Amino acid sequence: MRLSSAPFTLPLLVLCLASCSGEKLSTTSEKSAGGPADFPFVARATDFPELSSLGQRIYASFDGERAQGMVAFVDQFHRLRGNEGYQRTLDEVEAELVALRDAAASRGDASLSGATLRRLALGEKAPAWTGRRASLAYRVSEDDPWVELSAFDSLADRRRTALMAGSANLPEGIYTLVPARGFSDIGLSFEEAREPEVLRGLAPDHFRGKAVLAHAGGYSQSREMRAYLEAGALALLTSQIGLYPVHRIEAAAGMLEEAIPVATMPRRREDDGLFPGTLGFSLSPAQHRELATALGCPLRRREEARPETLRSCTQPRPLQIRVRSETHSSLSEATTLEFVLPGRSAKDAVVFMSDVDGAGANDDASGVAMQLELLRAIVELQSAGKLPQLEFSLVFLWGTENDSVDAWLAQNELQLHAAFTFDMVGNDPSLPDESVFLLERMPDPSVSCLRGPDMASGWGFPRDSCEAPSEELQQGHWINDYSWASISLLGQALGGWRARTNPHEGGSDQVSFLQGQVPAVLAWHFPDWAYETNLDRIERVDEEEMRRVAAAIAAVALGIAAHRQVDHLEMRRALQASLASRVQAHCASLPQGAPATSSASLSENARACDPSLERAIAEAWQTWFRRAFTQLPSRGSSTAPLDAEVEGLLDAARREIEACLAAC
């Protein structure tokens, strides 16, 4: 899962390579994946023979059907840090790892003789909550029959997201339902949604001991719901679908009518604890409107609601709700599986990380399964002598998003050369949301200002202005472009792949690695209409897409871990290709580029050229690439002077930008 999402609309840019010709790898799926984008650059197999070969070998050995089987197992559970479904997922992955190691030993294969498997209890203990079953019904009066609105009765039930995480165990509770203050199509403002504003004009005990039907979504909803609990409410009914990206709501309104969003109970301000004895239900938009209508507060579909035409509920009718819930709570650390495939150096490593926690199949059962099958493919190729000898160890982690990485890094003694995080890696590209595989780069100057075809993902906040990139965005590293080269190469070998890069936005494990000074990128997909709802199920996961992602990223990790001169040369070539492409794209965007607002691609908007800003952006990228070249492992020392060829490339890039800026 990704944390702290925000609405954003973006146009999707996926270009077809003219060079997609020649012999293609065979695939296990007839679904079209489109063509890879040509930005940052198009990698040619003749320039990257080792990287291209590594990706194709992993692709051929990766068993997508077996990976899909693991997705199906993990998708049975709503997995929260340390809860029942989380631990059962780790049990299954651990059993597979043990079987892999034992099988190698039984056939006399020494490739795993030095491998280690550990189940680690990392970090402090925290509540581990499981919702086992729940139901919600309503009636107008005691003489009326109960109308069941929502229910699930097992961990695997597709409606399991209906009970908000952290809800209390309650055999049965019957409450009077009241609407939120100012209940209408659109929620309260951030300023309004707090105590005592939610009680303005109401009696102090208005919400005490009752259930509250909250507004549908809005940025302030979590804060608003906490205010109702502080005012004594015992149950919350809400639909948070509005918190997800706007473009998804507009394009997929029909599909999302029955979507039950993932939601969590608000916590107390004073100690971050839960409000005892309280619970909440997350409703689909259709359920939310049904309950609002029964309450006498009819709502329109969200896409029809406008701030200037609100329908406030001033005279609700009496309504009762009946809630039942069975939950289990305990305390657990951020339990983490660690499998180490040893290299010749005992002190150096490359890391893979996949989140176990998540509510769905793509998020992130796909990452759990793909990483396991990726490891299996590497072991099989290594046993057959079809991979280069590893100089660095490969470390595979399965655990809690951010928490596991933070705690693991705190006790780690290895020199980590790179980290690859897998989150939402299996989206089926043939679905209507047209999900695209994304490589989220390390922070670079594009974070503060996009230029050329560079695009935000549509997940994070858009920038509404451009500014000169800060020093933190100019650190420079080759991992972004070396990773993209592998994606580009595999896409061409397969005859097309919907893939591109996006600027750093944060929100997953790569942030923890970066904060630990480890070069890290994120492999993921967006847009995803089912994101963090009960609709994120296995039928939306494509085994062929997992196979592509695994092969492209594994090739990069193996190139780093092999630590050969030929791999180092290809890292350098990736930087050279990216530098040339970046300069051309910046120049091409100068006459018509524009600051990001509702669009992700700056070159689509008209703007007046600001020479000082453009020069600052160009100089930031110059610094980025200069520092990236100094980080190449072939140099031995990052403080040594750059060679004449690189200096010549940087100088040529600077002169080309200056020529472009002359017309600005």
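Which peptide among 528-537, 389-398, 545-554 comes first, and what is the full order, when sorted by highest mean count of other Cβ atoms within 10 Å?
Top of the packing list down: 545-554, 528-537, 389-398.
Could you give the accessible area per residue of region 339-416, probe 1.4 Å, as a whole number in Å²? Walk me through the intermediate numbers first.
On the way: 2030 Å² over 78 residues.
For region 339-416, the solvent-accessible area averages 26 Å² per residue.
What full-extension length gain, to one decimal in nm, is calculated for residue 472 and residue 102 as 0.36 nm per residue of separation minus the Cα-Cα distance?
Extra length available between residue 472 and residue 102 comes to 128.6 nm.
Taking H as built 1.01 Å from N, whose amide H comes closer than 5 Å to the amide H of residue 401, not counting residues under 5 places away?
Those qualifying (amide H under 5 Å, at least 5 residues apart or on another chain) are 356, 357.
Compute the length gained on full extension between residue 344 and residue 44: take 0.36 nm times their separation in residues and subtract their Cα-Cα distance, giving the result in nm to one decimal.
Using 0.36 nm per residue and subtracting the Cα-Cα distance, I get 104.9 nm.
Under 18 Å from the 7 Å Cα→Cβ point of residue 517, by amide nitrogen: which residues of region 348-373?
Zone members listed by number: 348-351.
Taking 0.36 nm per residue of separation and subtracting the Cα-Cα distance, what length does fully extending residue 627 through residue 434 add?
Fully extending the segment from residue 627 to residue 434 adds 65.9 nm.
In nm, give the distance between the simple-model label positions of residue 647 and residue 143, each being 7 Å from the Cα along the Cα-to-Cβ direction.
Label-label distance for residue 647 and residue 143, simple model: 9.5 nm.
With labels modelled as points extended 7 Å from the Cα through the Cβ direction, what inter-label distance (nm, one decimal) is found for residue 95 paired with residue 60?
3.3 nm
Which whole-Hz ³J(HN,Hα) couplings does region 566-583 yield from phi under the Karplus relation 6.51 cos²θ - 1.76 cosθ + 1.60, θ = phi - 60°, glycine and proline marked x?
5, 5, 5, 5, 6, 4, 5, 4, 4, 5, 4, 5, 5, 4, 4, 5, 5, 4
Per residue of region 44-53, what does 6.51 cos²θ - 1.76 cosθ + 1.60 with θ = phi - 60° give for ³J(HN,Hα)? Whole Hz please, x for Gly and Pro, Karplus curve as stated.
Each residue's phi maps through the Karplus curve to give 9, 4, 5, 8, 10, x, 5, 4, 4, 5 Hz.
According to a simple spin-label model (label point 7 Å from Cα along Cα-to-Cβ), what is the distance in nm between residue 328 and residue 663?
6.8 nm
The values are calculated or read from the model by the stated rules, or taken from the named source; none is laboratory data. Remember, it's a predicted structure, so these values are computed and weren't measured experimentally. Positions of Cβ are backbone-derived with ideal geometry, glycine not excepted, and every protein chain shown enters the neighbour counts. What goes into the accessible areas is simple: the full protein's heavy atoms, side chains included, and nothing from ligands, DNA or RNA. Shrake-Rupley method; radii C 1.70, N 1.55, O 1.52, S 1.80 Å.
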